Amino acid sequence: MQNAKQLYTEYTTLLQKAADINYASAVLGWDQETYMPPKGAEYRARQLATLASMAHELLTSEKYGNLLHELSQADNLADTERSNVRLSLQDYEKNKKLSPEFVEQMSKQTSECFNAWIAARKQNDFQVFAPSLTKMIGLKRKQAELYGYKTHPYDALLDDYEKDATVAMLDPVFKGIKQQLPLLLDKIKAAPQVSNSCFHQYFPKDKQWDFGIEVLKHMGFDFEAGRQDISEHPFTTSFSATDVRITTRVDENNFASMLWSCIHEGGHALYEQGLPEDQYGLPLGSPASLGIHESQSRLWENCIGRSREFWEYFYPQLRKYFPPKFLHVSLDDFYKAANKVEPSLIRTEADEVTYHFHVLIRYEIEKALIEGALDTKDIPAKWNELYNRYLGIMPADDKTGVLQDVHWSHGSFGYFPTYTLGSFYAAQFFHQAQQDIAGLQEQITNGELAGLLQWLRAKVHKHGRRYNSEELCERVTGKKLDAGFFMWYITHKYAGVYGIAE
């Protein structure tokens, strides 16, 4: 038997080679959603499928499996090395359940599905998307069966994004949302409504873009290790901690669309840039989970970006960018406008209270699709029914309704619940940060965000996948996930915005 050091070197070489392939694929995926010409779709699908198959073959090879099993028996590995091997072995055993043919088929279907979604949005017609989505759902059901599950097929897909999450865990979370948030929403509806008309004026694209870049720089986003572009649906992707890409979208008649997308995706990007470079391609160089990832974006977007303290510093800057637009809008009115609560159709532009109904609706539809209780053709009707039930509104068309999210075209079934989990983790982390960082609120008021970023780097980013979400949360805050922190945060905040009893 080779010594452990030689084996570990062989392991890292192989795993980083697979990472090179996956990140090359990610570059092509980023290009597909930003700059690729429409006629490139067919061959891009082929290229992505080839790369996905190559990486899968490496990570499911008998050679790799034998290497991992040998390393798992070694007793002289460092703690970091043992953690990487343990997590890689878990990944290997899971990946082995999917054949190279299935992985290639899924990659091709993802490209086909994404292009069908783009076409459907342009035509504002879900039926253009439906045939490709039906194939995708069939593949995701097959994937769940290949992975295996104890109780519900959706559990197998959830685990890809939030390790150890299950329907049994999530159902009570969403039950709590259905019980508690409507009470707060009813109080807000009964109070005088705040105005956000200041966001709905004409704002030139270039000026919006420049302000977004300034905010990102102030948050600590390193433009020497990343960039921002425009896409149909804002997203973050990473090819290493030193090359992180984010996108936003700009609506010249709605300043909020660009603003919150920039801050939200910036939060994701800071996490990626904070992962340890020396663990490139290894589990400890990867994010803990999608829920933790979302906690970073929601913390920056909501706990910071929608806070009064943040705008104490940034509102004067904003007025310089758009002198006439906010001339007669006080800081207090702007802060309230940024936190207006009103049921709306677009998830990514929803306020903090109603946002979780958007996630709940997608969660219920996804579960039904994967368990076979809902057919693709019936998704628009179900979508509209649930929006009417939970938010009292109905989409006027498919583009503002069932076609608004890119996730299903990517095959990302099981992803949406991480948005709500992320908001809950964000509130709990931010509460702890306020305990740990002396004068944090004053720092934010002065535009000093480096202290918070350093805290997140030390508490969350540097650990990679060493801990699952619950373990990390307990390590950072001393407690497992507790939705009470989110309910206190949101109730306290909106009591101030709307002048209602807590």
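The values are calculated or read from the model by the stated rules, or taken from the named source; none is laboratory data. Source: prediction; values computed, not measured. Virtual Cβ from ideal backbone geometry, glycine too; neighbours counted across all protein chains shown. These accessible areas exclude ligands, DNA and RNA; they are computed on the full protein's heavy atoms, side chains included. Shrake-Rupley method; radii C 1.70, N 1.55, O 1.52, S 1.80 Å.
Structure data summary
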quantity: Peptides 272-281, 295-304, 75-84 ordered by average Cβ neighbours within 10 Å, highest first; calculated: 295-304, 272-281, 75-84
quantity: Using a Förster distance of 56 Å, the FRET efficiency for N3-S195 (Cβ separation, nearest 0.05); calculated: 0.20
quantity: Cα centroid separation - the stretch 370-429 against the stretch 256-302, whole Å; calculated: 22
quantity: Estimated translational D of the chain in µm²/s (Stokes, Kirkwood radius over Cα pairs; 20 °C; 1.002 mPa s); calculated: 90
quantity: Over the stretch 288-376, relative contact order from alpha-carbon pairs under 8 Å, at least 6 apart, %; calculated: 17
quantity: Straight-distance crosslink candidates among lysines, where the alpha carbon sits under 22 Å from K480 and sequence neighbours closer than 8 are dropped; calculated: K163, K175, K178, K459, K462
quantity: ³J(HN,Hα), Karplus 6.51/-1.76/1.60, whole Hz, each residue of the stretch 258-263, x for Gly, Pro; calculated: 6, 4, 6, 5, 4, 5
quantity: The stretch 192-203 - phi-based ³J(HN,Hα) in whole Hz, Karplus 6.51/-1.76/1.60, Gly and Pro as x; calculated: x, 6, 7, 9, 10, 4, 5, 7, 9, 10, 8, 10
quantity: Average Cα contact separation per residue, the stretch 379-440, under 8 Å, 6 or more apart, as relative contact order %; calculated: 19
quantity: Among 462-471, 151-160, the order from most to least packed when residues are scored by Cβ within 10 Å on average; calculated: 151-160, 462-471
quantity: Added length on full extension, which subtracts the Cα-Cα distance from 0.36 nm per residue, I393 to Q179; calculated: 75.1 nm
quantity: Acute angle (nearest 10 degrees) that the helix 483-498 long axis makes with the longest principal axis of the chain, alpha-carbon atoms; calculated: 20
quantity: For the chain, with +1 on Lys and Arg beta carbons and -1 on Asp and Glu, the positive-most of V476, S99, A45 along the dipole; calculated: A45
quantity: Helix axis angle, 450-459 relative to the chain longest principal axis, alpha carbon, degrees; calculated: 30
quantity: Share antiparallel - DSSP beta bridges, the chain, percent rounded to 5; calculated: 50
quantity: Within the stretch 191-251, trypsin sites (Lys or Arg not before Pro) in DSSP loop having at most 16 other beta-carbon neighbours inside 10 Å; calculated: R249
quantity: Positive-end residue of A55, T151, S330, charge dipole of the chain with Cβ unit charges; calculated: S330
quantity: Percent RCO, i.e. relative contact order, over the stretch 322-438, from Cα pairs under 8 Å lying at least 6 residues apart; calculated: 23
quantity: Percent accessible area from carbon and sulfur atoms, the stretch 385-462, protein chains only, probe 1.4 Å; calculated: 45
quantity: Interchain or long-range residues, amide H under 5 Å from D229's placed H; calculated: I246, T247, T248
quantity: Candidate aspartates and glutamates for bridging to K39, where Cα separation is under 18 Å - those fewer than 8 sequence places away on the same chain excluded; calculated: D31, E112, E232
quantity: Accessible surface, the chain, averaged per residue in Å² (probe 1.4 Å); calculated: 42
quantity: Dipole magnitude (debye, nearest 20) for the chain, charges at Cβ of Lys, Arg, Asp, Glu; calculated: 520
quantity: All Cα pairs of the stretch 298-407, percent lying beyond 20 Å; calculated: 53
quantity: Shape call, the stretch 365-502: gyration tensor on alpha carbons, a/c limit 1.5; calculated: prolate
quantity: Hits among lysines - C-alpha to C-alpha of K493 under 16 Å, sequence gap 8 or more where chains match; calculated: K187, K189, K336, K340
quantity: Angle between the chain longest axis and helix 205-219 axis [Cα atoms, degrees, rounded to 10]; calculated: 70
